[in-house]
Amino acid sequence: MEERIFEIIIHGGNARGMAYEALEKARAGEYEEVERLLSECKAEMTLAHNTQTKLVQDEIRGDEIKISLLLIHAQDQLMTTMAEQTLILQMIEMQKEINSLKK
């Protein structure tokens, strides 16, 4: 169980870092790097979400899922990253517009 929880935390954290790095690259006008980072971010989020889905499916099947502070932390990290990712995608689009107006 702890291994799955740490998978959610690690992959969610990786995704968050990549999303913020993509935003920095957008500010610098490095759009190919932005796309690469966003692709990797999406892959990391998929891994985290798949692990979360497995836990939910286990519970639906009747397996006992022990609720712990660590599990709550993992869920919090994943949901925060999902929200930040959505916002960062919008910010990148805005930054592209700003960069084009600067030219």
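The values are calculated or read from the model by the stated rules, or taken from the named source; none is laboratory data. Every value quoted in this text rests on a predicted model; they were computed, and no experiment measured them. Here the Cβ is made from the backbone with ideal geometry for all residues, glycine too, and neighbour counts use every protein chain on show. Keep in mind that these areas ignore ligands, DNA and RNA; they rest on the heavy atoms of the full protein, side chains included. Shrake-Rupley method; radii C 1.70, N 1.55, O 1.52, S 1.80 Å.
Structure values in brief
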{"item": "Order by protection proxy (mean Cβ within 10 Å, highest first), peptides 95-103, 23-31, 68-76, 5-13", "result": "5-13, 23-31, 68-76, 95-103"}
{"item": "Difference of contour (0.36 nm per residue) and Cα-Cα distance, SER100 to TYR31", "result": "23.6 nm"}
{"item": "Calculated from backbone phi, Karplus (6.51, -1.76, 1.60) coupling profile of the range 30-39 in Hz, x at Gly/Pro", "result": "8, 6, 5, 5, 4, 5, 5, 5, 5, 5"}
{"item": "ASP76-SER39 FRET efficiency (beta carbon distance; Förster radius 25 Å; 0.05 resolution)", "result": "0.50"}
{"item": "Sorted peptide list for 55-61, 36-42, criterion being average Cβ within 10 angstrom, highest first", "result": "36-42, 55-61"}
{"item": "Segment GLN57-GLU93, extension gain: residue separation times 0.36 nm, minus the distance between their alpha carbons", "result": "9.4 nm"}
{"item": "For the range 61-71, 3J(HN,Hα) per residue [Karplus equation, 6.51 cos²θ - 1.76 cosθ + 1.60, θ = phi - 60°, Hz, x = Gly/Pro]", "result": "6, x, 5, 6, 9, 6, 7, 10, 4, 5, 5"}
{"item": "Sulfur and carbon atoms: percent of accessible area, the chain [1.4 Å]", "result": "56 percent"}
{"item": "The chain, helix-only ellipticity at 222 nm - DSSP H runs n ≥ 4, -39,500 (n - 2.57), divided by all residues, nearest 500", "result": "-31500 deg cm²/dmol"}
{"item": "Computed Kirkwood radius, in angstrom, where 1/r is averaged over Cα pairs of the range 33-103", "result": "14.5 Å"}
